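Q: Submitted below is the structure of interest, expressed as structure tokens.
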Amino acid sequence: MKKIEKEPRAAAYPAPAALVSAYDEKGKPNAMTAAWISNICADPVTLVVGIRDTRYTYELIVKSGCFGVNIPSVKIAEETDYFGIVSGRDVNKFKKTGLKVFKGKEVNVPLIEQCPINIECKLTKQVKIGTHDAFFGEVLKVYYDESMINESGSPDILLADVLAYGTGNYYSLKEIVGGYGYSKKE
């Protein structure tokens, strides 16, 4: 397979298109779109998200010490894009888009009803890395929309039709190509 070299760039490969959420000091919810997010530890379950220090959500997470990660479906792709291009300093994104929030049970974070997966996180560490900071969040609780639970009672990502982002575009995930360990032959 012939390879073509390119200079390094952000979003060069697919990642979740997540909505990272936090409340302001008056209790108004805010969220921003972030694709620089990943699981980073299994015990304690921890994820990391990269956020630029000029973002309003950055400020809210630093002040509150907690944040939500909401994984949107294709159904709200337009709203997801909007949350990434407009600042919550200037606009109430929830009023503008009609998306609704519910409060987390473990920490005071707004979670987005229309997202099939919602994750409550406690900020455990913040590391400056160039233009962005890495926010490490211990996962305290995960919520799955009942419509994405399969017959065996497990979450099924395909049923959620979640968004991915890469190379400047949003994508839908369409099929399972194998499960963990499927490559091992006896």
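Q: As an exercise: evaluate T97 against (1) under 28 Å from I157 (Cβ atoms); (2) touching a Gly at 6+ places or on another chain (Cβ under 7 Å) and give the number of the one condition it does not meet.
A: Here T97 meets the rest and fails (2).
Q: Inspect the range 89-107 for any residue being over 22 Å from A160 (Cβ atoms), among the hydroxyl-bearing types (S, T, Y) and touching a residue at least 12 places away in the same chain (Cβ under 8 Å) and give the result as yes or no.
A: No: the range 89-107 contains no residue that is over 22 Å from A160 (Cβ atoms), among the hydroxyl-bearing types (S, T, Y) and touching a residue at least 12 places away in the same chain (Cβ under 8 Å).
Q: Please work out which residue is surrounded by the fewest Cβ atoms within 10 Å (Cβ to Cβ), limiting yourself to the range 1-17 and to residues that are touching a residue at least 60 places away in the same chain (Cβ under 8 Å) and not small (G, A, S).
A: Of the residues in the range 1-17, the ones touching a residue at least 60 places away in the same chain (Cβ under 8 Å) are 11-17.
Still in the running and not small (G, A, S): 13-14, 16.
Working: Y13: 8, P14: 16, P16: 21.
Across the range 1-17, the extreme among qualifying residues is Y13.
Q: Quick check on the range 83-123: of everything there that is touching a helix residue (DSSP H, G or I) at 6+ places or on another chain (Cβ under 6 Å) and part of a helix (DSSP H, G or I), which residue is surrounded by the fewest Cβ atoms within 10 Å (Cβ to Cβ)?
A: So the residue we want is T97.
Q: In the range 18-44, which residues are surrounded by 11 or more Cβ atoms within 10 Å (Cβ to Cβ) and either over 15 Å from the mean Cα position of the chain (by Cα) or not in a strand (DSSP E or B) (or both)?
A: Within the range 18-44, Y23, D24, K28, P29, A35, W36, C41 meet the criteria.
Q: In the range 5-17, is there at least one residue being touching a strand residue (DSSP E or B) at 6+ places or on another chain (Cβ under 9 Å) and part of a strand (DSSP E or B)?
A: Yes - at least one qualifying residue is present in the range 5-17.
Q: Among the residues of the range 167-183, which ones are surrounded by 10 or more Cβ atoms within 10 Å (Cβ to Cβ) and either of a type in the set (A, V, I, L, M) or assigned to a loop (DSSP other than H, G, I, E, B) (or both)?
A: T167, L173, I176
Each value in this text was obtained by applying a stated rule to the coordinates, not by laboratory testing. Everything numeric in this text was worked out from a predicted model, so none of it was measured. Cβ atoms come from the backbone with ideal geometry, glycine included; neighbour counts cover every protein chain shown.
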